[in-house]
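Only one structure is covered here, and it is reproduced in the block below.
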Amino acid sequence: MPFLAILRHNLRTLRESWLVRIWLAATALVALLLAMSNWAEFRTASLIASLLVPYLVFPWFLVVMVLGVNPVSGSRLEALADGFLSRPVTRYEYLLAVWAARVVAVLGVYFLVMVPMVLIVTLANRPAPVEHVTLYGIIAALAVVALVLTFQVSLAFLLGTLLRRPLLAIVLLLFFWSSVNIVLHNFKLQSFSPLSLSQALPTLLRQPWHTGDATSGSPASEVDIEELQRQTTNFLNFFSGGAPQKTETKPRFFETTDYKDFSLLRVLLGYGIPTLAAVGLSILCFCWRDL
């Protein structure tokens, strides 16, 4: 089938691309550095979420969008016209094949790095306070970030098809993605804002399969116990003449907002529908134009 042939050819080209190879090495190095620097300080959910933040906010979205812009823009247009005229390849097959190849390459690098790191974080005996994360939460968090990466590829694919100028498309994507993150984050819309979704990931990682299965060792109860212990210690120090324990006044990135109303379905729809719309618009725009 032409679709599979184009898909295999693009995957082979991406596998041999230095951009993909350097990105794989860089994302593995960054994930390792983040894990090592927060190994003894962050709880399990916060540490896993910190490893996922570079894929949602910065800097890996730029690499993902560069991979998505190129297939239907710039110098490729003349070669595409010759291919459509001389080979039994439809525009739908070509568009879907190159889009699928980019998605597979991006998700392949992502899962190749993140799955081992998540296993190390969850199974290792760390000096940080113990926190329970669920298998459902881990799978859901990895799937949500994978969906956002697919949306990034699709958005870049759409803009590359519309503009046909890779550099201009990348500049506009950089401005658009940064603006969307800042504006939507002010409304705490994790269903649409990658920055707010980053802060909501610890909540998702702690969620059980059924909401009624929450155990007594939930993060909220652990925080209450720690606060009670701190107050008890300060009370005893008051009578013994000891110095009271200092509390952390500035909240951390993952503690600024408690996303108790987090809905996985809203997040999937918030990123899934725009992804399908971007792919559909890319195909329509590419088919309506004359190469």
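Each value in this text was obtained by applying a stated rule to the coordinates, not by laboratory testing. Quick caveat: nothing in here was measured; it's all calculated off a predicted structure. Heads up, the Cβs are rebuilt from the backbone with ideal geometry, glycines too, and the neighbour counts pull from every protein chain shown.
Highest first, please rank the peptides 170-182, 139-151 by the mean number of other Cβ atoms sitting within 10 Å of their residues.
139-151, 170-182
Between Rg and the Kirkwood Rh of the range 1-70, both from Cα atoms, what is the Rg to Rh ratio?
That ratio is 1.13, to two decimals.
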